[in-house]
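S.K.: First, the structure itself, so that you have it in front of you.
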Amino acid sequence: FLFTADMLFGQEASNNPPIANKFRFIDLRGHFGTYLRSGAKAGEAFNKNYTSVELRLGWQTDKEDGWQSRYFYPTYGIGGYIGFLNGAALFGNPTAEHGFVDFPVTRQKRNTLNVGINFGLSYRLNPYKLSANPNLDTIGSRLGIYFSLNINWVYKLNRETDLLYGIDLTLFSNGRRVTPNFGINMYALNLGVRYNFNLAQKNADRDRIYPQNILLARPNRVNYNKIIKKKEHAIELYQAFGTVQNKMDAGTSNRYYTSSTVLDYAFRYSELGRVNAGFDFFIYGSTYAFLGQKENTIKNKSYLGAHVG
């Protein structure tokens, strides 16, 4: 029988292209902290502590030939935040939807240091009403901005699971769109867990319950390219406008126009950063209430500034 066979294969040849990895992760994190005092009348509430829960879905970058490797493979994604404030009777229990980005400070190790930013919209805040809560001088509206700066460590426990721990600073504010608006500022310790997985696993094996072809749950990052040095000069013009409210107008519909114009010169010294300098021109309509005998003109409601960065 052996002599009658022209050709024998030990296994079937495959023409299928390699499977592209789709690395993802899910974070569940708790925050345990206290307030930074930011108002006068709500002082007693700031003596209490608070807890909050954060759930995030993230994307893990892994391209070794792109900018990702030069920045130690950052992560990014979307998340939700629920706060359980001990001063909830006054502040409310803020909830937020946000986007985030985390930049590793150190190369991949078992324990990696990261710096991250969350930014999004918050709601379920108690707005100021003179008749209901005259001591609430921190938040003027139910909706606001959620911002969080965090320093955290990611400790790899096993193939799929990480331990998360760190510190963070959180801010809820409405940008003085309405008053009062001292803002709610909080700092905390955080502790959580991360589950890493690969969405491409479902394409790697037809038997998803008991797969035989197991893909990586996280990227095996070994190459780190150097930051590209390049010189660029740029002139930039930035314009923003909106409305604000003075404290004396809290609870009313009185609003004032405001405008910010920035002219900037920037010199980029590498892919990592740049230096800049320029001028700021502000039109601040709310100063109308304090002009006294002065004429209500643009000149008397505008300010000129300079900056470096």
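The values are calculated or read from the model by the stated rules, or taken from the named source; none is laboratory data. Worth saying up front: this structure is predicted, and the values here are computed from it rather than measured. Backbone-built Cβ (ideal geometry, glycine too); neighbour counts: all protein chains shown. Calculation scope for accessible area: heavy atoms of the full protein, side chains included, ligands and nucleic acids excluded. Shrake-Rupley method; radii C 1.70, N 1.55, O 1.52, S 1.80 Å.
S.K.: When only the heavy atoms of the protein chains count and the probe is 1.4 Å, how do ARG255, ARG124, ARG56 rank by accessible area, highest first?
M.R.: Largest to smallest exposure gives the sequence ARG124, ARG255, ARG56.
S.K.: Now for a different question. What is the extension gain from ILE78 to GLU64, computed as 0.36 nm multiplied by their sequence separation minus the C-alpha to C-alpha distance, in nm to one decimal?
M.R.: Separation in residues times 0.36 nm, less the Cα-Cα distance, equals 2.7 nm.
S.K.: Let me ask something else about it. Mind running the shape call on the stretch 109-230? Use the C-alpha gyration tensor, a ≥ b ≥ c as the square roots of the eigenvalues: rounded below 1.5 for a/c, prolate if a/b tops b/c, oblate otherwise.
M.R.: Since a/c reaches 1.5 and a/b is larger than b/c, the shape of the stretch 109-230 is classed as prolate.
S.K.: Let me ask another. Leaving out ligands, DNA and RNA, and with a 1.4 Å probe, what % of the accessible surface on the chain is carbon or sulfur?
M.R.: Result for the chain: 60 percent of the exposed heavy-atom area is carbon or sulfur.
S.K.: Also, quick follow-up: Report relative contact order for the chain in percent, whole number only (criteria: Cα-Cα under 8 Å, sequence separation at least 6).
M.R.: It rounds to 14 percent for the chain.
S.K.: So, one more: Please check the chain for the longest run free of GluC sites (Glu not before Pro) that are loop-located per DSSP (anything but H, G, I, E, B) and have at most 12 other Cβ atoms within 10 Å.
M.R.: 13-294
S.K.: Dipole size in debye (nearest 20) for the chain around its Cα centre, Lys and Arg Cβ +1, Asp and Glu Cβ -1?
M.R.: 540
S.K.: Now, a different point. Which lysines have a Cα lying under 20 Å from the Cα of LYS22, excluding residues fewer than 8 positions away in the same chain?
M.R.: Straight-distance partners of LYS22: LYS63, LYS156, LYS202.
S.K.: Just to confirm a number: summing +1 for Lys and Arg and -1 for Asp and Glu over residues other than THR243 whose beta-carbon lies under 9 angstrom from that of THR243, what do you get?
M.R.: Net local charge, THR243 excluded: +2.
S.K.: Largest first and in whole Å, give the semi-axes of the chain's equivalent ellipsoid, each being the square root of 5 times a Cα gyration tensor eigenvalue.
M.R.: Values for the chain, descending: 50, 27, 17 Å.
S.K.: Between GLN293 and ILE228, what FRET efficiency follows from the Cβ-Cβ distance if R0 is 45 Å, with the result rounded to 0.05?
M.R.: Result of the calculation: an efficiency of 0.15.
S.K.: Can you tell which of LEU121, GLN245, ASN158 lies farthest toward the positive end of the dipole of the chain, using +1 and -1 charges on the Cβ of basic and acidic side chains (Lys, Arg; Asp, Glu)?
M.R.: It is GLN245.
S.K.: Further question: What length, rounded to one decimal in nm, is gained on full extension from ASP280 through to ILE167, with 0.36 nm per residue of separation minus their alpha-carbon distance?
M.R.: Result: 37.3 nm gained on full extension.
S.K.: Using mean Cβ contacts within 10 Å as the protection proxy, how do 200-208, 144-152, 100-108 order, highest first?
M.R.: The peptides rank, most packed first, as 144-152, 100-108, 200-208.
S.K.: Follow-up question, since we're still on this one. Subtract the Cα-Cα distance of ASN86 and TYR210 from 0.36 nm times their separation in residues, and report this length gain in nm to one decimal.
M.R.: Result for the pair: 40.0 nm of gain on full extension.
S.K.: How big is the gap, in Å, between the Cα center of the stretch 218-244 and the Cα center of the stretch 247-309?
M.R.: One Cα centre to the other: 25 Å.
S.K.: Using a Cα-Cα cut-off of under 14 Å, which aspartates and glutamates could be cross-linked to LYS229, ignoring same-chain neighbours fewer than 8 residues away?
M.R.: Those aspartates and glutamates meeting the cut-off are GLU271.
S.K.: Here is a follow-up. Any idea what diffusion coefficient the stretch 148-203 gets from Stokes-Einstein, in µm²/s, Kirkwood Rh on alpha carbon pairs, 10 °C, 1.306 mPa s?
M.R.: Translational diffusion coefficient: 112 µm²/s.
S.K.: Would you work out if the stretch 200-309 is rounded, prolate or oblate? Take a ≥ b ≥ c from the square roots of the eigenvalues of the alpha-carbon gyration tensor; rounded if a/c is under 1.5, else prolate when a/b is larger than b/c, oblate otherwise.
M.R.: It is oblate, given that a/c is not under 1.5 and a/b is not larger than b/c.
S.K.: Can you give the FRET efficiency for GLN108 and TYR187, using 1/(1 + (r/R0)^6), R0 = 30 Å, r = Cβ-Cβ distance, to the nearest 0.05?
M.R.: 0.60
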